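Below is one structure; the comments refer to it alone.
The values are calculated or read from the model by the stated rules, or taken from the named source; none is laboratory data. Computed from a predicted structure; not experimentally measured. Cβ coordinates were reconstructed from backbone atoms using ideal geometry, including for glycine residues, and neighbour counts include every protein chain displayed.
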Amino acid sequence: MKRKVDQVIEILRHEVETHGQSHSVIVEDKTKRVFEIFGTSYTLSNAYDTDDYFESVNREYVNNKLIELEDQISDCITVLEKDSTSRRALIHFSQDLPNPSCCVSIQIQLRLNRVYVHIHQRSQDVDMLKTDMVMYVEIVKLFTARFARTQFTIRCMMGNLHRYDS
């Protein structure tokens, strides 16, 4: 798990730094330089052990997000209990201003012995990748346990991947 996630993060960081368009933006009343690429993605499969590897992430952020999404996760479980082949198990993230979520939606599908999770992100900060991956894996663990699946695939599509110069 650690090796795969580190590889994904390093590849994406390298992509942004090597191929990213650079320009200045205003963030929290400060001008910062940003590097960004458009329309990229990553895939994780069976990356399961979040407890040991992800100690360095902001667990409070992850736990608060899981609490915030609890009703929608429960609704998805209900949808899949009624029809395990449903394509309607969706979690929607708030896009309300002034702080819209970078993640727009998550779709969960069950096929064979696998949980498939399709994530649409309008934006992704490279420095938040590991924390967001933990949140997605924690969501997946709820579904693999509930539906007795042993494998999963997470596919995350990002409209914009960026890194701010410090």
When you scan segment 94-166 for strands (runs of 3 or more DSSP E) that lie fully inside it, which ones turn up with 1 or more residues that are out of contact with any strand residue (DSSP E or B) (no Cβ under 9 Å at 6 or more places or on another chain)? 103-111
Please specify each residue of segment 89-127 satisfying the condition of being modelled with pLDDT under 95 and among the small types (Gly, Ala, Ser). Ser94, Ser101, Ser123
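One line per residue, one yes/no per condition, for (1) crowded, with 17+ Cβ neighbours inside 10 Å; (2) touching a residue at least 40 places away in the same chain (Cβ under 8 Å); (3) in contact with a helix residue (DSSP H, G or I) (Cβ under 8 Å, 6 or more places away or on another chain):
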position	(1), (2), (3)
Ile108	yes, no, yes
Leu112	no, no, no
Tyr116	yes, no, no
Arg122	no, no, no
Met128	no, no, no
Met135	yes, yes, yes
Confirm whether Lys141 is of a type in the set (Lys, Arg) and surrounded by fewer than 18 Cβ atoms within 10 Å (Cβ to Cβ). yes
Hey, any hits in segment 75-88 for a residue that's of a type outside the set (Asp, Glu), in contact with a helix residue (DSSP H, G or I) (Cβ under 8 Å, 6 or more places away or on another chain), in a loop (DSSP other than H, G, I, E, B) and modelled with pLDDT of 90 or more? yes
